C-alpha cells in the first residue's frame, strides 16, 4: 500500500523562542555583512483536508494535522523531520497499532556553475511508531511486512522542471518482497505572478513481486498555491490515479486512489 510534500500554530516553549531569537540574530548579522547564514533552522505546521502521498489517501479521506522541522548548512547538507496522523496502516494493512507517521531525512543540495541546474540527493525513512503490521497472529496485518520504509532519492532541477527518483531498500510500506520499489516524479513550478504558483505533476510507482504487477500505477496532480506572506501558504490540489481498484481498496471497501480535490494551509516560521 502506498505512501504531499503538509490548525493554528502550537505555543512554542521558551527554549524554542530563545533558539529562534538566537538564530534570528545570527541571520541578521550575516545579512548585514552580505553573507549567507552558515546554518538555518525552520519549522512548519499545517492542515490538509485529505492527506495524499503519490496520489494514495493516507487518512481515508479525512483531515490531517502535520508539522516539520528542517536544519540546513550553507555547504548544502541538510536534515529534517516531518510528522502527520495516518489511518492506512490500520485500515489498509489491518494492523491494530500505527496511527502516526514520522519521517526522518537527510541529504545534500547543490548547483552547477555552467547551467541553471540544481541537484538534491539523500535518504528518507518513513516510520510508523508501534505499528504491528507484519506481526503474526494479527489478521490481516500478519500477511504484510512492517509498514516502516527506507528510501534513497535523487533529484535534478533545470529552470522550472524537476525530475526525482525514489528507490526503496527493504520492503515498501508493508508489501512483501518489495525491496527496490521505484517512484519517478516529474513536476514543474510555474510562477503565475501576484504570489500565485501552479505545479503540474506526473508520477509512476512500481512495486516488484506483486501478483500481476497490480501495485504499479501512475498518478497526476495539479496544485494551485497562494503565498500570503509572513510564512502563510494556502493550496488546492486536484489529484487522480489509475491504481488497481482491488489492490488499493482498504478493509472497509474504500478505494484509496480515487480522484479528489485536496485543500491545504501551511505556516512556515
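For the stretch 155-253, which strands (runs of 3 or more DSSP E) that fit wholly inside it have 3 or more residues that are at pLDDT 95 or above and closer than 29 Å to residue 91 by Cβ?
Values: elements: 161-169, 182-188, 190-193, 196-206, 217-229, 232-241.
In the stretch 155-253, the matching strands (runs of 3 or more DSSP E) lie at 161-169, 182-188, 196-206, 217-229, 232-241.
Here's the yes/no breakdown for (1) at pLDDT below 95; (2) closer than 30 Å to residue 252 by Cβ:
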{"residue": "35", "(1), (2)": "yes, no"}
{"residue": "47", "(1), (2)": "no, yes"}
{"residue": "87", "(1), (2)": "no, yes"}
{"residue": "99", "(1), (2)": "no, yes"}
{"residue": "105", "(1), (2)": "no, no"}
| remark: Counting only residues that are modelled with pLDDT under 95 and either assigned to a loop (DSSP other than H, G, I, E, B) or buried (at least 21 other Cβ atoms within 10 Å of the Cβ) (or both), the stretch 140-154 contains a total of 2
| remark: If you go through 132, 171, the only one that is crowded, with 17+ Cβ neighbours inside 10 Å and more than 19 Å from the chain's Cα centre (by Cα) is 132
| request: Residues being in a loop (DSSP other than H, G, I, E, B) and within 19 Å of residue 124 (Cβ to Cβ): count how many of those fall in the stretch 95-109. | output: 1
| How many of the residues in the stretch 60-94 are part of a loop (DSSP other than H, G, I, E, B) and more than 14 Å from the chain's Cα centre (by Cα)? | 11
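The values are calculated or read from the model by the stated rules, or taken from the named source; none is laboratory data. For clarity, every value in this text was computed on a predicted model and none was experimentally measured. Every residue, glycine among them, receives a Cβ derived from its backbone with ideal geometry; neighbour counts consider all protein chains shown.
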